[in-house]
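The values are calculated or read from the model by the stated rules, or taken from the named source; none is laboratory data. A quick note: this is a predicted structure, and the numbers were derived from the prediction, not measured. FYI the Cβ positions are ideal-geometry reconstructions off the backbone, even for glycines, and counts take in every protein chain you see.
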Amino acid sequence: MKLAMLSRLFRISILLIMLALASGGQRIIYRNSSQNIALTPLKLDPDRPNLRKVGQLEFLAAWELGSNNQDFGGISALAVLPDGRFIGVSDAGTLVGFGLTGEDKTDRPFIAPMPDAFAKGNNYEDRDSEGITHDPATGRFWVSYEGKHAIRRFGRSFARREALARPKAMQLWGANSGAEAILRMPDGRFLVFSEGHDLPDGSYEALYFSGDPVEAGSSSFAFGYKPPEGHKITDAALLPDGRILTLNREFSFPTAFSVAVAVFDPNEIARGETIEPKVIARLKSPLLVDNLEGLAVTQENGRTIIWMISDNNFNIFQRTLLMKFALDETSIPDAKKPEADNAPGFEAL
């Protein structure tokens, strides 16, 4: 058995032991406010260094991210700004921002608490941010929360919290299966996906909002999202042609984490109906993979670039991975552009 495989099996074994002991352990924190985020380049498969093709994705690069800052980690969602910089939110109420220099270094990294994250009366459930979406025109951000089910809207550059909503339908979602992913469509509609609110057909409930979910004028309805078998959605992003890309995670023994990347046409969303996306790529051992929870899409030289980031659960046996792929669009059927419906939620803005 090759050394790389033995190393993976060792990490998986330790991870399983840590998960079993997690309920009785404590995270030891050594205070450090460093703003540095270091990058360590990684291979998709050290035993096959030339491997590039994974389903309909082409592997381009990967890094392990690390920082001495005690608040770094737990990244649950990823957004990309017009200048190419990334904003990640952690399930501990922290913002993580950085760009890439092209020399395996981060550009202007920062690690800071989200506005109001530690306001008086707030606890961990108020900080359990799981999804993020961004409007490049206004600079606003929307973040979904899984503990106390909520959606918060933040101003440009996360300068302040502008609004908070607790949609009634989301309050039926379980304590650890709430709003795992949120996505703003270009015309102002929103989609919010639960991680595990089961429906009779085996799908999980998702919500469609006609406009900004924190505004009173936005109407909503429920539909089903059926991830690949054994998986749960962790994030969603919009492709340039209007289709929706989803990241779906599975945890199982002995392979630990694996993910399925899938795509669907938002024009197929309808009240009470179920969406079942098409899987376009899978990542599992012995390939590089971890608890991938964040997803973002950019374009480079006419190519669609897919970014994924992992949540290390503040666990020394897991890693914060950033992975970069190119999408092979020639092998995916074309989809209709999303229809431009009115967005009544924005009438009050």
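A few remarks follow.
- Taking the numbered list (1) touching a helix residue (DSSP H, G or I) at 6+ places or on another chain (Cβ under 6 Å); (2) surrounded by 16 or more Cβ atoms within 10 Å (Cβ to Cβ) in turn, Gly217 passes all entries but (2).
- Of the numbered criteria (1) under 21 Å from Leu288 (Cα atoms); (2) within 18 Å of the chain's Cα centre (by Cα), the one Arg85 fails is (1).
- Looking across the stretch 272-297, the residues that are of a type in the set (Val, Ile, Thr) and closer than 12 Å to Leu245 by Cα come down to Val279, Ile280, Val297.
- Just one residue in the set Ile151, Ile233 is touching a strand residue (DSSP E or B) at 6+ places or on another chain (Cβ under 8 Å), of a type outside the set (Ser, Thr, Tyr), buried (at least 19 other Cβ atoms within 10 Å of the Cβ) and within 18 Å of Glu125 (Cα to Cα); that residue is Ile151.
- The test for being surrounded by fewer than 24 Cβ atoms within 10 Å (Cβ to Cβ) and either in a strand (DSSP E or B) or in contact with a Ser or Thr (Cβ under 8 Å, 6 or more places away or on another chain) (or both) does not hold for Phe193.
- Taken over the stretch 145-190, the residue count meeting the criterion of being assigned to a strand (DSSP E or B), within 19 Å of the chain's Cα centre (by Cα) and of a type in the set (A, V, I, L, M) is 6.
- Among residues of the stretch 109-144 being assigned to a helix (DSSP H, G or I) and over 17 Å from the mean Cα position of the chain (by Cα), the one that is surrounded by the most Cβ atoms within 10 Å (Cβ to Cβ) is Asp126.
- Evaluation of Glu250 against (1) acidic (Asp, Glu); (2) closer than 20 Å to Gly196 by Cβ; (3) touching a residue at least 40 places away in the same chain (Cβ under 8 Å) (one fails), failing number: (3)
- Some residue of the stretch 100-108 being within 26 Å of Arg153 (Cβ to Cβ), assigned to a strand (DSSP E or B) and among the hydrophobic types (A, V, I, L, M, F, W, C): no
- Which listed residue, of Asp91, Asp71, is modelled with pLDDT under 95, in contact with an Asp or Glu (Cβ under 7 Å, 6 or more places away or on another chain) and not polar (S, T, N, Q): Asp91
- Among residues that are more than 21 Å from Phe209 (Cβ to Cβ), at pLDDT 95 or above and either of a type in the set (A, V, I, L, M, F, W, C) or in contact with a helix residue (DSSP H, G or I) (Cβ under 6 Å, 6 or more places away or on another chain) (or both), Ile316 is not included.
- Residue match in the stretch 49-64 (condition: over 19 Å from Val259 (Cα atoms) and assigned to a loop (DSSP other than H, G, I, E, B)): yes
- Looking only at residues of the stretch 263-308 that are hydrophobic (A, V, I, L, M, F, W, C) and either assigned to a loop (DSSP other than H, G, I, E, B) or touching an Asp or Glu at 6+ places or on another chain (Cβ under 7 Å) (or both), we find that the one that is surrounded by the fewest Cβ atoms within 10 Å (Cβ to Cβ) is Ala270.
- Selection over the stretch 200-238 of residues that are hydrophobic (A, V, I, L, M, F, W, C), assigned to a loop (DSSP other than H, G, I, E, B) and at pLDDT 95 or above gives a count of 1.
- Residues in the stretch 226-280 that are of a type in the set (Gly, Ala, Ser) and touching a helix residue (DSSP H, G or I) at 6+ places or on another chain (Cβ under 8 Å) were compared, and the one that is nearest to Tyr208 (Cα to Cα) is Gly242.
- In the stretch 274-322, the residue that is nearest to Gln70 (Cα to Cα) out of those that are hydroxyl-bearing (Ser, Thr, Tyr) and over 18 Å from the mean Cα position of the chain (by Cα) is Ser285.
- Options Ser177, Ser210, Ser157; residue that is within 22 Å of Asp265 (Cα to Cα) and among the polar types (S, T, N, Q): Ser210
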